[in-house]
Amino acid sequence: MLWINDTLAIADWELTESFTRAQGPGGQNVNKVSTAVELRFEADRSPGLTPAVKARLKRIAGRKWTSDGAIVIRAEETRSQARNRELARERLVEMIRQALVAPKRRVATKPTLGSQRRRLKAKTIRGAVKAMRGPVEDDP
């Protein structure tokens with residue numbers, strides 16, 4: 001079980017981990033040991049997430065969201081497989097916590113009288129500046 005908060009937990013069947021060799025330089029360790037972790041979370045089939053949370057999670061995940069509704073997170077920062085596993089799980093938990101927070105609805109307000117007057121005054125000044133850019137007339 002992977003606990004997101006006090007009320008929400010992800011079951012083990014929803015998570016799949018695979019281990020591969022990490023990319024980049026690192027010498028013998030990188031060539032021999034499979035330390036990189038690829039964590040796959042079946043988000044679309046998860047019973048604990050509401051459709052609204054799934055939609056927000058899809059937007060937050062971006063390219064990590066696959067076409068079959070799973071989130072794939074790859075961690076290969078450290079030399080330790082266990083630490084990379086923890087990092088991948090922490091990233092997933094943080095992503096789900098962000099999706100759980102519903103955005104505040106914007107309340108439409110009218111512009112204040114002062115802001116309207118300042119805007120019109122700025123437009124008048126800008127118009128005067130542009131009016132001065134016309135052709136110059138010679139005085140006789």
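Below is a table of values for the structure above.
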| quantity | calculated |
| --- | --- |
| Residue-by-residue Karplus 3J(HN,Hα) for the stretch 116-132, coefficients 6.51, -1.76, 1.60, Hz, glycine and proline x | 5, 5, 4, 4, 5, 5, 5, 5, 5, 5, 5, x, 5, 4, 5, 5, 6 |
| Inter-site label distance for LYS58 and LEU100 at 7 Å from Cα along Cβ, in nm | 2.2 |
| Percent of alpha-carbon pairs separated by more than 18 Å within the stretch 2-100 | 47 |
| Heavy-atom accessible surface of the stretch 96-140: percent carbon and sulfur, 1.4 Å | 58 |
| Alpha-carbon centroids, the stretch 110-140 and the stretch 40-103: separation in whole Å | 52 |
| Those lysines that a straight Cα-Cα span of less than 22 Å connects to LYS58, excepting residues fewer than 8 apart in one chain | LYS104 |
| Highest to lowest packing among 120-129, 94-103, scored as the average C-beta count within 10 Å | 94-103, 120-129 |
| From phi via Karplus (6.51, -1.76, 1.60), per-residue ³J(HN,Hα) for the stretch 44-57 in Hz, x at Gly/Pro | 5, 9, 5, x, x, 9, 6, x, 5, 5, 5, 5, 5, 5 |
| Approximate spin-label separation SER115-SER34, in nm, with each point projected 7 Å along Cα-to-Cβ | 5.8 |
| The chain, accessible area per residue, ligands and nucleic acids excluded (1.4 Å, Å²) | 75 |
| Under 5 Å, built H, 5+ apart or other chain: amide partners of GLY69 | none |
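The values are calculated or read from the model by the stated rules, or taken from the named source; none is laboratory data. A quick note: this is a predicted structure, and the numbers were derived from the prediction, not measured. Counting neighbours? That spans all protein chains shown, and the Cβs are built from the backbone with ideal geometry, glycine included. Ligands, DNA and RNA are excluded from the accessible area calculation, which covers all protein heavy atoms including side chains. Shrake-Rupley method; radii C 1.70, N 1.55, O 1.52, S 1.80 Å.
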